[in-house]
Amino acid sequence: MQEVRDSKEYSWKYVTDAELLCKGTCDFLYAKLTPDATVSDVTLYDGEDTNGKIIDTIRAAGLYNNECSPPVGLYCRRGLYVDTITTGDVLVVWRVRSSKEG
């Protein structure tokens, strides 16, 4: 049976520029890139900046959105960083890990 989690355990944010979303351990859950009328891309990192490990690069164009939706949360050991978005915005969802989870 799958564990049910309370929605307040999750964090989300619409991002339009480079930003550190979580400092410390977390689970990356979802990202959806919504471009404007041109080609757009964004890179997500396990870390506090672009020196971290790349989780994924999402690219979308025109009126088409693109998303990254792993089947389980991806463990980010050093934080969650969103690099500069060329155009549009990206919705990112993550869950901060408690000290008990590591």
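Values for this structure:
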{"quantity": "Cα pair distances in the chain, grouped into 5 Å bins until the bin that holds the longest one, percent each", "calculated": "3, 14, 24, 24, 17, 10, 5, 2, 0"}
{"quantity": "ASN51 paired with LEU63, simple spin-label distance in nm, labels 7 Å along Cα-to-beta-carbon", "calculated": "4.4"}
{"quantity": "Other-chain or far-sequence residues with amide H under 5 Å of CYS76's (modelled H)", "calculated": "CYS26, ASP27, PHE28"}
{"quantity": "Lysine pairs meeting the criterion (Cα under 19 Å, 8 or more apart or interchain), as found in the chain", "calculated": "6"}
{"quantity": "Karplus-derived HN-Hα couplings along the range 50-60 (A = 6.51, B = -1.76, C = 1.60, θ = phi - 60°), whole Hz, x at Gly and Pro", "calculated": "6, 7, x, 7, 5, 7, 6, 10, 10, 10, 8"}
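Taken together, the values in this text are just the output of simple stated rules run on the coordinates, not laboratory data. What you see is a predicted model; the values in this text were computed from it and never measured. Counting neighbours? That spans all protein chains shown, and the Cβs are built from the backbone with ideal geometry, glycine included.
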